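All remarks here apply to the structure that follows.
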Amino acid sequence: ALADTIREESTAMIDALKALQVDPVLLTGDHENAAQAIAGQLHIEEVHAQCLPEDKFNWIDSYQKKAEQVCMIGDGINDSPALSASNVGIAISDGAQIAREIADVTIEGDHLHGLVTLKHISNHLMRRIHNNYRFIVGFNAGLIGAGVLGFIQPTTSAVLHNTSTLCIGLR
């Protein structure tokens, strides 16, 4: 009969995260019926109700053992072990102080859409890192090949290597 109230932006936020290839999971200490009702409103398919703090921790640990990246969002004392164990822990600013201390990121409670922005930024950053890495490895491999074949001098190769690294770093 009792359930947490859902913030009005929550459903749109969950749908936007799903569009970004995020699979949301609801881990809650609430009763099964309340958890299923909330999950239905939020369009969350995987639900784990009546979770103790160690259950949340163990769930995160099991997914990480499958090489999954896990982001935990929580606001309570009972979320603290899971926030600490996750790859990225996000606390809500109006939650328990220990959750805010342990989390990697704290967001304003009334700005949940910031999670979507964070995901967009992280996707863009990872794309940039991978592109820069591929460029540097390819460029340096070309320099080594050109040096081995005698097309350029070692000093020229060193200058080009350092210049390319500097340019990528400044980009």
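The values are calculated or read from the model by the stated rules, or taken from the named source; none is laboratory data. Values in this document were obtained by computation on a predicted structure and should not be read as measured data. Here the Cβ is made from the backbone with ideal geometry for all residues, glycine too, and neighbour counts use every protein chain on show. We work out accessible area using only protein heavy atoms, side chains counted, and drop any ligands, DNA or RNA first. Shrake-Rupley method; radii C 1.70, N 1.55, O 1.52, S 1.80 Å.
Values computed for the structure shown
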{"read-out": "Protection proxy ranking, peptides 70-77, 112-119, average beta carbon neighbours within 10 Å, highest first", "value": "70-77, 112-119"}
{"read-out": "Under 5 Å, built H, 5+ apart or other chain: amide partners of residue 51", "value": "28, 29, 30"}
{"read-out": "Filtered chymotrypsin sites (Phe, Trp or Tyr not before Pro), the range 102-171: DSSP coil and at most 15 other beta carbons within 10 Å", "value": "151"}
{"read-out": "Cα-centred dipole magnitude for the chain, charges only on beta-carbon of K, R (+1) and D, E (-1), debye, nearest 20", "value": "1360 debye"}
{"read-out": "Qualifying chymotrypsin sites (Phe, Trp or Tyr not before Pro) for the range 22-92 [loop in DSSP, other Cβ within 10 Å: at most 16]", "value": "none"}
{"read-out": "Residue-normalised accessible area of the chain, expressed per residue, 1.4 Å probe, Å²", "value": "64 Å²"}
{"read-out": "Residue 76 long-range amide H proximity, modeled H, under 5 Å", "value": "96"}
{"read-out": "Radius of gyration and maximum dimension Dmax of the range 90-156, Cα, Å", "value": "22.1, 64"}
{"read-out": "Volume per residue that the Cα convex hull of the chain spans, once the total is divided by residue count, Å³", "value": "147 Å³"}
{"read-out": "All lysines inside 19 Å of residue 119 as judged from Cα atoms, apart from same-chain residues fewer than 8 positions distant", "value": "18"}
{"read-out": "Theoretical ellipticity at 222 nm over the chain - DSSP helices of four or more residues, -39500 (n - 2.57) apiece, nearest 500", "value": "-18500 deg cm²/dmol"}
{"read-out": "Inverse of mean 1/r across different Cα pairs in the range 9-59, Kirkwood, Å", "value": "11.4 Å"}
{"read-out": "Cα-based radius of gyration of the range 45-114 once divided by 2.2 N^0.38 Å, which approximates compact folds", "value": "1.06"}
{"read-out": "Anchor residue 66: aspartates and glutamates whose Cα lies under 18 Å away (excluding residues fewer than 8 positions away in-chain)", "value": "23, 46, 55"}
